[in-house]
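Q: Shown below is the structure under consideration.
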Amino acid sequence: MADVPAYVAIITAGAGIIGAAIPQVTTVLRDARQAERDRRERSAAMAREACVALLRASGEVRTRTESIRSYRGPADGMRERVEEVRSRAEATRVHAAEVSMLVPARLAEPADQVASAASALADDVVRNTDLNQGVLIGDPDVSKLAECIAAFRSAAVKYAAN
């Protein structure tokens, strides 16, 4: 039997080990890439859901404010409607904070503007309502909120397109 130098045996054994490790390494790399892709998709889905929730809540503030104008019922009904506007304005602030946490660089400022406009509109509704009589004594202006909603919607659509 021929003498085999030690380095030949070491190289042969090393090649076998490396050859056996390649499929495991590629599997680990593929799984890591897939996990990162899944994380990005979850993050994007959460951001989209938060944007939709903000748009829904702010739209409800606007709609409920506009519907108060035509209310002709008991004072308690007006109180309920005013409280609904205030409640939806608070929900708008919460959803704006959620958007700001998920997409701080791109959507935080437009989301905050929507929340501020919704809060200002809710305050305007309270100021312009005689809750004792159940009537609107002024005319709350929804135009600022509508502008902010449009600006946020545009920014959110641009974000989602990327």
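FYI, it's all coordinate maths here, none of it is from the lab. Here the structure is a predicted model, which is why all the values come from computation and not from measurement. Quick reminder, even Gly has a Cβ in these numbers, built from the backbone with ideal geometry, and neighbours come from all protein chains shown.
Q: With labels modelled as points extended 7 Å from the Cα through the Cβ direction, what inter-label distance (nm, one decimal) is found for Glu147 paired with Arg106?
A: The modelled label-to-label distance comes out at 2.5 nm.
Q: May I ask you to sort Leu54, Leu131 by Cβ crowding, counting other Cβ atoms within 10 Å and putting the fewest first?
A: Ranked by crowding around the Cβ, least crowded first: Leu131, Leu54.
Q: Still on this structure: Using a Gaussian network model of the chain with C-alpha springs under 10 Å, which one of Ala115, Ala35, Ala53 is most mobile by mean-square fluctuation?
A: Maximum among the listed residues: Ala35.
Q: Sticking with this one: Can you give the three extents of the C-alpha atoms in segment 42-161 along their principal axes, from longest to shortest, in whole Å?
A: Per principal axis, max minus min of the Cα coordinates gives 48, 22, 17 Å.
Q: Next up: Compute the longest continuous run of the chain that contains no exposed trypsin sites (Lys or Arg not before Pro); treat a site as exposed when its DSSP state is not H, G, I, E or B and it has at most 12 other Cβ atoms within 10 Å.
A: The segment 73-162 is the longest one with no such site.
Q: Could you give the nm distance between label points at Ser154 and Arg79, where each point is 7 Å from its Cα heading toward the beta carbon?
A: If labels sit at Ser154 and Arg79, their model points lie 4.2 nm apart.
Q: Taking amide H positions as placed 1.01 Å from N in the peptide plane, with prolines and chain starts having none, which residues 5 or more places from Thr129, or on another chain, fall under 5 Å of its amide H?
A: Ile137
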